[in-house]
1. Among 112-124, 239-251, what's the highest-first ranking by average C-beta atoms within 10 angstrom per residue?
2. How many percent of DSSP beta bridges within the chain run antiparallel, rounded to 5?
3. With each label point set 7 Å from Cα along the Cα-Cβ vector, what nm distance links residue 198 and residue 71?
4. Per residue of the range 7-21, in order, report the coupling 6.51 cos²θ - 1.76 cosθ + 1.60 (Karplus, θ = phi - 60°) as ³J(HN,Hα) in whole Hz, putting x for Gly and Pro.
5. Taking K and R as +1 and D and E as -1, what net charge do the other residues with C-beta under 11 Å from the C-beta of residue 137 add up to?
6. Across all directions of projection, what mean area in square nanometres is found for the Cα convex hull of the range 247-305?
7. For residue 343, which sequence-distant residues (separation of 5 or more, or a different chain) have an amide H within less than 5 Å of its own amide H, given hydrogens modelled in the peptide plane?
8. Hey, got the dipole for the range 238-365? About the Cα centre, +1 on K and R Cβ, -1 on D and E Cβ, debye to the nearest 20?
Amino acid sequence: MKTFATTPRQDGFHMPAEFEPHERCWMIWPQRRDTFRYGAKLAQKTFIEFARAIARFEPVTVCANDDQYEVALRAVGDFAQVVEVSNNDFWMRDTGPTFVTNGRELRGVDWTFNAWGGLFDGLYFPWDKDDRVASKVCALVGVDRYRLDDFVLEGGSIHVDGEGTLVVTESCLLSPGRNPEMRKHEIEDTLRDYLGVEKVIWLPQGIFLDETNGHVDNVFNFTAPGECLLAWTDDPADPQYELSRACLDTLSRETDAKGRKLKVRKLHIPDPVLLTEEERDGMDQVCEGWPPEAGSRLPASYANYYTANGGIVFPLFDDPVHDAMAAEVLREAYPDREVVGVSCHEMFLGGGNVHCATQQQPAVN
Ligand code: KQY
């Protein structure tokens, strides 16, 4: 595997949108005892349902640590490929490569990963195995990579439309635990160079109490060129209301890289989901900051769904009214895809959801 000293922009590469065709989906087998309760056994069951739903639409590869390889293989081996890749945690969106293409060839961007904030406000230590996941996935795919040793970024903190527009949140990308020595315009230049985009739209914040400092993938997604979804609540008393309102103001003011006004669909969040004492007691307590206190609100949002070839796999929160509303909005936004909901609770207790758990490998001709 070659590691380039150039940037994707210099080489004519860019990150395609998630709604463009995929070759496969990459995921990681859940096992971390302080991320999920009861040794992750319940999260594994939920994971299997998500992976199975995605595998209906495109091939899935599941990466597992050596001590769980056999377990993972027995659980998902009949519908997914299982490979051994050492990891510290489960969130492939953040530790996997960001794939870029020039239309004929695929390459990976391998950002530095520091567990969402390093020693400042990261969620565990060490994270060295997670920081090597992207490079190993590139090697397995057989593609070369760009490695950024001095720039921290997670895949969940970026969304592109594949036509030159990138959307990020200020709360995450400007957080002191990421790249504190860089100014906003320097971060923006790095994103342009490594994602091959022309325009960066900065939303102020993401979902209330999201411990990733507000990843964009929990609050927003592009559904088509010029069209997007925004996590929303109609309840002005909910702290999420002002956050979503501020995002809507930004999106209404902005145009995308092609000069289009964005069509914004509102995706109402579920009723608040609070971590119970029993759920917290089931998780090992290892680091400061995670898991949250019992009674804490978790960052529940339907925006954290996965766009597959011909399908949308989205989280159900056992909230019949909002689950049904979300399905309807997703069907309208993606009229040519089958919309499939999977109950997410045990996986969601880990602080993320199906989008965080996946990384698409774009198809190239
Ligand atoms: O939002 C994501 N992309 C990952 C969620 C991380 C949660 C850590 N407990």
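Throughout, read-outs are computed from the coordinates displayed, never taken from laboratory work. Please read all numbers here as calculations on a predicted model, not as lab measurements. Note that we place each Cβ from the backbone using ideal geometry, even for glycine, and neighbour counts take in every protein chain shown.
1. So the peptides 112-124, 239-251, ranked by packing, come out 112-124, 239-251.
2. Antiparallel bridges: around 40 percent, rounded to the nearest 5.
3. Each label point is offset 7 Å from its Cα along the Cβ direction, giving 4.9 nm.
4. For the range 7-21, the Karplus-derived couplings read 10, x, 4, 4, 8, x, 10, 8, 8, x, 5, 5, 7, 7, x Hz, x marking Gly and Pro.
5. Details: positive: 24, 132, 136, 145; negative: 110.
Once all neighbours under 11 Å are counted, the net charge is +3.
6. Details: hull surface 26.1 nm².
For the range 247-305, averaging the hull's shadow over all directions gives 6.5 nm².
7. 316
8. Details: 12 positive and 21 negative charges, 225 e Å.
Dipole size: approximately 1080 debye.
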